[in-house]
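Below is one structure, written out as C-alpha cells, with a few remarks after it.
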C-alpha cells in the first residue's frame, strides 16, 4: 500500500515541479499543493514549515517531494519515475490533408443539404414571391466562409447556383437585409444544432468556453476628467459548447461584452440544453469560471462527470457526493484528474482554427447583423468539421432525420 503522503508528494512533483526552488544546498522553497503559498524545507534538519509537520512531526508531503526529486526515497516499494510530459493528440495526416484539399467542393454540397431543410415562410402579400429563404441563408454562410464582402462573394453564390446547389442567386443587399432580421438568429441556432447532429454517435465529451470577436463599431464619449474625447471598440462574445473529439460546436450563445449576462457561467445551462438535444454527454470539461454547484447538478443530472478545477477556498461537501469525490481526486490525485481535464485545451484549438480560417473580426455594421455573422461563422465551422470527419472518421452525414447517406453521394469522396 502506498502511503497517502507519498501519493500527495508524487502528485506535487508531477504538477508543480517547475516551482521548486533550491536556495542553498539542501534547503528548498516548495509550493503548496492546494493553495498559492509555499513552504521552507530543510532536508538536512528534516524540517518543514507546513502545519502538518509542525503539528505532528511526521515527514510531510513537501519533504517527501523534495527527497523524491533528490532520488532519496521510493514510492510503493519501487523507485519512482517522475516525468511530466506534454499531452498531445494523434492526427491522421494523410486523411486530414485529403479532407482539406476536398473541403471547398464538399462544403457547398453539405451546406446545400443542410439549408434544404429550411421551411419557406408563407407570404400573403402582393407582388413578387419571396426568394427561397434556404438560398439566402446559403448565400450568407458562403459569404462568411469565403471571407469576402457580400458583393465579392456574389460570384461564388452564382457558381453555386450553376452547380445546382441553390435555385437562385440572391442579390447581396437581400442577403444582408435577411441577416439583420430578428427572426434569422433562431433559425441559425437551429441550423447550428442540426449541423453538429451527424457526429452524435462519435461525440460524448464536451467543453464549454467563450471567445470574443471584434467589430468595426466604436463607443465614443467625452472624458471629463482628462478633457478629451475617447473611443472604445465594441466586441461580441461567443459562448459555445465544443465536442472535444471533432471540435464541432454543439451549442452557441452570442452576447455583447458588457452587461449582466456576459459571464460564462450564466450561459452554460443553455449550452447544455442545446447539446443534449442530439448528444449523450459522458464527461464535461470547464475552467474555474464555470465552477458552481448548479453546474455540477446540471451535468450530474445527465449522468455525466464534470471536471472543473476547484478554487483555493473550495472545500469538500458531504451533501453533494459527486462534488466531494471530484474534490478529493483534484486534491489528492491531481495527475489522474488532469488526464481527463486536459481535453479542455481542445476548446482553445477550436477558437484558433475558426478564427484563422473564418476571421476574428466582424464586417457587419449593425448589432443584429453582427450577431448573425457570428452564428454564421459557427455554422461554417461546423460544416468544415463534418467534412473533416468524413475523411478522418468515415462519417456519412445526413441532416433533418434522413437516413444515413453514402459518403460518396454527398461529398464526392473517392
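Tabulated data
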read-out: Failed criterion for residue 206 (all others in (1) closer than 25 Å to residue 396 by Cα; (2) buried (at least 21 other Cβ atoms within 10 Å of the Cβ); (3) out of contact with any helix residue (DSSP H, G or I) (no Cβ under 7 Å at 6 or more places or on another chain) hold); value: (3)
read-out: Pick from region 149-167, criterion within 31 Å of the chain's Cα centre (by Cα) and in a helix (DSSP H, G or I), ranking: surrounded by the most Cβ atoms within 10 Å (Cβ to Cβ); value: 157
read-out: Lone unmet requirement of (1) assigned by TED's automatic domain parsing to the domain that holds residue 115; (2) within 24 Å of residue 121 (Cα to Cα) for residue 189; value: (1)
read-out: Criterion: touching a strand residue (DSSP E or B) at 6+ places or on another chain (Cβ under 8 Å) and surrounded by 19 or more Cβ atoms within 10 Å (Cβ to Cβ) - qualifying residue of 199, 191; value: 199
read-out: Residue 333 vs. criteria more than 18 Å from the chain's Cα centre (by Cα), without any contact (Cβ under 8 Å) to a residue 12 or more places away in the chain, more than 24 Å from residue 200 (Cβ to Cβ) and surrounded by fewer than 21 Cβ atoms within 10 Å (Cβ to Cβ); value: no
read-out: Out of 299, 312, sole residue that is surrounded by fewer than 16 Cβ atoms within 10 Å (Cβ to Cβ) and in contact (Cβ under 8 Å) with a residue 12 or more places away in the chain; value: 312
read-out: Residues (over 13 Å from residue 322 (Cβ atoms), part of a helix (DSSP H, G or I) and over 16 Å from the mean Cα position of the chain (by Cα)) located in region 277-293; value: none
read-out: Subset tally (residues that are in contact with a helix residue (DSSP H, G or I) (Cβ under 7 Å, 6 or more places away or on another chain) and at pLDDT 95 or above) for region 119-145; value: 11
read-out: Hey, residue 372 closer than 30 Å to residue 181 by Cα, in a helix (DSSP H, G or I), over 16 Å from the mean Cα position of the chain (by Cα) and outside the structural domain of residue 65 (by TED's automatic domain parsing) or not; value: yes
read-out: Within region 15-32, considering residues that are closer than 21 Å to residue 342 by Cα and touching a strand residue (DSSP E or B) at 6+ places or on another chain (Cβ under 7 Å), the one surrounded by the fewest Cβ atoms within 10 Å (Cβ to Cβ); value: 19
read-out: Looking only at region 177-233, and only at residues there that are without any contact (Cβ under 8 Å) to a residue 24 or more places away in the chain and in a loop (DSSP other than H, G, I, E, B), the one that is nearest to residue 308 (Cα to Cα); value: 201
read-out: Selection count, region 59-87, where residues are modelled with pLDDT of 85 or more and either part of a loop (DSSP other than H, G, I, E, B) or more than 13 Å from residue 6 (Cα to Cα) (or both); value: 2
read-out: Some residue of region 235-249 being modelled with pLDDT under 95, surrounded by fewer than 15 Cβ atoms within 10 Å (Cβ to Cβ) and farther than 29 Å from residue 392 by Cβ; value: no
read-out: Given (1) surrounded by 14 or more Cβ atoms within 10 Å (Cβ to Cβ); (2) more than 28 Å from the chain's Cα centre (by Cα), number of the condition residue 146 does not satisfy; value: (2)
read-out: Out of 280, 273, sole residue that is at pLDDT 95 or above, surrounded by fewer than 15 Cβ atoms within 10 Å (Cβ to Cβ) and out of contact with any strand residue (DSSP E or B) (no Cβ under 8 Å at 6 or more places or on another chain); value: 280
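The values are calculated or read from the model by the stated rules, or taken from the named source; none is laboratory data. Quantities reported herein were computed from a predicted structural model and do not represent experimental measurements. Here the Cβ is made from the backbone with ideal geometry for all residues, glycine too, and neighbour counts use every protein chain on show.
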